[in-house]
Amino acid sequence: MASPEFYNLNLEPVETGSLTFPKAKELVSLLQTGVLSYAKLVTCCAGGNKEAVILDIEPEVPQHPAIDINFLERIAIIFEISDTSHQEVLALRKNFPVVPHTNSVLEGTPISLCLYQAKYTDLKYKWTAGAFLQQLHFWLNRTVRGELHDAEQPLEQIFFSPSESIILPSAVFSNNDGSFADKLVVRFTGETSGKATLIASIAEHTAPDLSDNRLNFKVFVYTMPPQMHGVVRLQPRALDELYEYLGESGADFLSKLRQQILVWKEKSGELSVKNKLLILLRIPKKRFTEGAVESTEVWAFASQDNIASVGISLGLWIYQGNDLARLIPLDLKLTGGGATLYMLNTIRSLSREMAAAFNGLTANEKKCMAIGLGSLGSQVVNNLMRAGQGQWTFVDDDTYLPHNVARHYLPGLVVGYGKAKSMQSVLEGTFEDAKIQIIEADVLKPTSDELRETMEGMSLILDMSASVAVARELALSVNSPARRASLFLNPSGTDLVFLAESKDRTLRLDLLEMEYYWALIKNVEFSNHLFSKGAPIRYSHACRDVSVILPQDKVALHAAIGSRTIQILLREELTAQLRIWRTTDDMTTTLHKFNPEPYQRTQAGDWTLEVATRVLVDMDRQRTLRLPSETGGVLIGTFDTLRKIIYVIGFIPSPPDSIEWPTAYYRGTAGLQDELKRIEQVTGKQVDYVGEWHSHPMGSSTKPSGDDRKLFAWLQRHRLRDGFPAVIAIAGDDKRSTWYVDDLDTGSASYVTE
């Protein structure tokens with residue numbers, strides 16, 4: 001068996017003792033100990049800023065190796081004085097096989113092994129010669145068995161990535177006919193650390209304000225037959241080298257390229273000297289010869305010269321003076337020699353599906369409307385857009401002002417512009433085809449046809465305006481099958497509140513608002529929930545131009561929680577939701593879940609009564625406990641005078657100084673005003689006194705007695721001063737109660753507790 005031929009390094013042999021680089025010296029010292037049976041030192045070299053340690057290493061070669069790895073391989077380890085990147089590991093055998101996980105090299109040079117996926121900076125602090133040699137041995141052992149590229153890993157790329165890149169639309173990577181090629185617009189974005197990046201987009205999706213950076217490329221797309229994955233050592237640097245790489249497909253490639261260039265010439269009359277060629281080579285990849293195509297790799301090659309010169313290199317024409325003269329017949333012997341190409345690393349544009357995948361989600365295209373793009377709303381929709389969740393319509397008629405910058409997603413550069421338009425401009429570039437509709441309108445003012453019609457087509461209407469009036473309008477006055485939800489912060493920014501209707505809307509947003517108030521009333525830890533922190537800050541001379549103290553870090557934290565909650569809601573969370581997240585100063589966050597109760601709705605004259613089921617249950621329970629005596633209490637809730645709705649969310653039990661007899665009840669007052677004041681403060685003046693209730697003895701009807709009529713008349717006069725109707729409920733047998741609003745004779749409503 002002939003001895004293998006080895007590459008010579010362009011370095012001078014040196015004595016081991018003359019090495020100066022610490023890592024090179026450490027490696028030699030380890031090899032000289034002889035503790036590693038599989039590795040032996042051969043020699044050392046040096047030159048310039050490099051030192052090399054050459055060794056022989058014995059892989060564990062099985063009886064039937066999958067890859068042609070020898071029982072003894074000669075390897076060179078190149079160290080550089082800067083020590084800023086992985087040591088170069090060169091297989092010196094000239095016929096060392098081309099395998100995955102190798103680096104790009106020039107023709108006629110040793111194959112460079114890629115031992116690590118991690119960056120050198122992440123490994124440098126724990127580098128040892130022993131660990132390095134173990135990794136080299138592992139690489140050879142796995143490669144000889146064909147196991148280095150794990151079955152779960154993505155396929156190895158065909159070419160090694162160059163430093164300069166082009167970002168391409170997803171259409172380029174799909175299995176289509178490539179008809180998008182003539183629509184591609186290529187732009188130069190700039191350089192970072194000396195590396196240029198180009199962006200290609202389909203013409204109709206190109207932002208007009210970026211058109212000044214447009215490059216004069218004509219795009220040619222060619223799809224190869226499926227290939228086995230693995231790195232190709234030689235990178236095509238000219239058109240004829242690309243032709244040779246394509247092998248059997250080369251003739252078809254050149255034929256189609258020639259045809260396309262002639263079409264361009266025919267359409268334009270003359271090709272501009274500025275026009276250059278951009279070749280997009282699509283390579284379907286397989287893991288095994290008989291396997292299915294798993295992915296399509298795309299590589300880009302840009303010509304250094306203009307297309308006219310490329311045509312000459314392909315035998316299409318020659319210059320006669322300043323004109324191109326067509327060759328008849330074409331000189332097919334010319335295959336692009338001299339047409340220099342430079343290779344670009346291709347990066348796929350972000351699609352909705354990819355954005356969702358990067359967030360661990362499935363893309364969601366439900367139509368959603370966000371009302372209110374303030375501090376919280378702007379950051380919530382930003383999170384949702386970046387996660388590929390929802391097709392959004394933004395509704396906001398506010399202007400972005402300087403004080404907003406302190407806690408908003410938008411940058412200070414857009415101060416003075418509309419929030420909706422600015423958010424659209426920033427977020428429509430999140431991923432491909434990220435279309436956002438905006439409506440600069442106030443939901444509470446006479447709505448435009450556009451807003452009304454758009455709402456009718458929504459799946460979700462998300463209110464982030466922190467306005468009771470807006471939430472009521474959405475719940476009660478908007479004709480749409482959309483589910484409604486509210487997301488808002490309390491005044492001090494410590495708590496995030498989330499209200500979401502049930503899928504069937506039996507628990508509407510206005511009813512969830514009432515359940516939210518009830519949760520505040522019944523849970524002492526939320527007694528200061530609606531209190532403001534610090535004095536308001538004035539940002540202008542107008543009387544209403546004040547803002548609260550609200551830390552951006554807490555807004556950002558709650559926006560993250562809120563967006564995750566909306567993601568879950570979009571995945572068909574069917575039940576009604578009432579949740580409050582509370583955050584302390586050290587950012588510890590606790591979730592409080594509440595179970596909203598259903599309401600019973602009925603009409604009482606001109607008024608609609610919405611009574612929480614618990615009120616009816618508790619009234620019956622209190623009546624049963626006090627029998628044979630009567631009992632009662634004070635109803636609490638709120639009035640919506642605009643829509644003539646009375647919400648009853650609970651009651652204050654009979655005060656201790658009340659008189660309870662079998663045939664009469666006189667409600668006392670002890671502690672009542674203090675409790676009403678507490679309820680008013682806790683709920684931000686939203687919940688107050690609504691009316692009275694009392695029970696009747698067993699066997700009695702729920703019709704008003706003479707005393708009840710006197711009480712009602714007094715209550716009507718008293719409530720008239722406040723502009724509210726008198727409300728009385730009478731509880732009786734069979735869990736039944738009758739409610740009277742304004743009129744004891746005709747304005748009655750009956751409830752039965754189930």
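Could you please let me know if residue 647 is under 30 Å from residue 558 (Cβ atoms), assigned to a strand (DSSP E or B) and in the same structural domain as residue 710 (by TED's automatic domain parsing)? Show your work before the answer.
On the way: under 30 Å from residue 558 (Cβ atoms): yes; assigned to a strand (DSSP E or B): yes; in the same structural domain as residue 710 (by TED's automatic domain parsing): yes.
So residue 647 passes the test.
Looking at the structure I just gave you, is residue 692 of a type in the set (Asp, Glu) and in contact with a Ser or Thr (Cβ under 9 Å, 6 or more places away or on another chain)? Considered against the rule, which asks whether it is of a type in the set (Asp, Glu) and in contact with a Ser or Thr (Cβ under 9 Å, 6 or more places away or on another chain), residue 692 comes out as no. Just a yes or no: is a residue in segment 702-721 in the same structural domain as residue 663 (by TED's automatic domain parsing) and assigned to a strand (DSSP E or B)? No, that holds for no residue.
Residues that are surrounded by 14 or more Cβ atoms within 10 Å (Cβ to Cβ) and under 50 Å from the mean Cα position of the chain (by Cα) number at least 1 in the following strands (runs of 3 or more DSSP E) confined to segment 1-83: 39-47, 50-57, 73-80. Any chance segment 436-454 includes a residue that's among the acidic types (Asp, Glu), modelled with pLDDT under 95, in contact with a Ser or Thr (Cβ under 6 Å, 6 or more places away or on another chain) and farther than 28 Å from residue 551 by Cα? Looking for residues that are among the acidic types (Asp, Glu), modelled with pLDDT under 95, in contact with a Ser or Thr (Cβ under 6 Å, 6 or more places away or on another chain) and farther than 28 Å from residue 551 by Cα, one finds none in segment 436-454, hence no.
Residues being closer than 19 Å to residue 331 by Cβ, modelled with pLDDT of 85 or more and in a helix (DSSP H, G or I) are entirely absent from segment 276-285.
Please determine whether any residue of segment 507-515 is in contact with a Gly (Cβ under 9 Å, 6 or more places away or on another chain) and in a strand (DSSP E or B). Looking for residues that are in contact with a Gly (Cβ under 9 Å, 6 or more places away or on another chain) and in a strand (DSSP E or B), one finds none in segment 507-515, hence no.
Can you give me the number of residues within segment 617-639 that are surrounded by fewer than 22 Cβ atoms within 10 Å (Cβ to Cβ) and assigned to a helix (DSSP H, G or I)? Count: 8.
Taken as a whole, the structure places residue 296 among residues that are at pLDDT below 90, touching a helix residue (DSSP H, G or I) at 6+ places or on another chain (Cβ under 7 Å), over 19 Å from residue 215 (Cβ atoms) and surrounded by fewer than 19 Cβ atoms within 10 Å (Cβ to Cβ).
Does any residue of segment 687-701 turn out to be at pLDDT below 90, within 51 Å of the chain's Cα centre (by Cα) and part of a loop (DSSP other than H, G, I, E, B)? Outline the logic, then answer.
Of all residues in segment 687-701, those at pLDDT below 90 come to none.
Within segment 687-701, none of the residues are at pLDDT below 90, within 51 Å of the chain's Cα centre (by Cα) and part of a loop (DSSP other than H, G, I, E, B).
Tallying residues that are touching a helix residue (DSSP H, G or I) at 6+ places or on another chain (Cβ under 9 Å), aromatic (Phe, Trp, Tyr) and farther than 18 Å from residue 52 by Cα within segment 76-125 yields 1. Would you confirm, using the coordinates I've provided, whether residue 642 is part of a helix (DSSP H, G or I), of a type outside the set (Val, Ile, Thr) and surrounded by fewer than 18 Cβ atoms within 10 Å (Cβ to Cβ)? It is false that residue 642 is part of a helix (DSSP H, G or I), of a type outside the set (Val, Ile, Thr) and surrounded by fewer than 18 Cβ atoms within 10 Å (Cβ to Cβ).
Just one residue in the set 338, 372 is outside the structural domain of residue 252 (by TED's automatic domain parsing), touching a helix residue (DSSP H, G or I) at 6+ places or on another chain (Cβ under 8 Å) and of a type outside the set (Phe, Trp, Tyr); that residue is 372.
Counting only residues that are small (Gly, Ala, Ser) and in contact with a strand residue (DSSP E or B) (Cβ under 9 Å, 6 or more places away or on another chain), segment 70-95 holds 2 of them.
Remark: pairs (first residue in segment 25-44, modelled with pLDDT of 95 or more; second residue basic (Lys, Arg); Cβ separation under 9 Å; 6+ apart in sequence or on different chains) = 31/40; 42/74.
Quick check: is even one residue across segment 543-564 more than 30 Å from residue 401 (Cα to Cα), of a type outside the set (Phe, Trp, Tyr) and surrounded by 13 or more Cβ atoms within 10 Å (Cβ to Cβ)?
At the first step, the residues of segment 543-564 found to be more than 30 Å from residue 401 (Cα to Cα) are none.
No, segment 543-564 has no match at all.
With respect to the conditions (1) surrounded by fewer than 20 Cβ atoms within 10 Å (Cβ to Cβ); (2) out of contact with any Ser or Thr (no Cβ under 9 Å at 6 or more places or on another chain), residue 427 lacks only one, and its number is (1).
Quick check on my filter: what residues within segment 308-326 are of a type outside the set (Gly, Ala, Ser) and surrounded by fewer than 16 Cβ atoms within 10 Å (Cβ to Cβ)? Please lay out each step first, then the result.
Looking only at segment 308-326, we keep the residues that are of a type outside the set (Gly, Ala, Ser), and these are 310, 312, 314, 316-320, 322-324, 326.
318, 319, 320, 322, 323, 326, listed by residue number.
The values are calculated or read from the model by the stated rules, or taken from the named source; none is laboratory data. It should be emphasised that the depicted structure is a prediction, and the values quoted were computed from it without experimental measurement. Cβ atoms come from the backbone with ideal geometry, glycine included; neighbour counts cover every protein chain shown.
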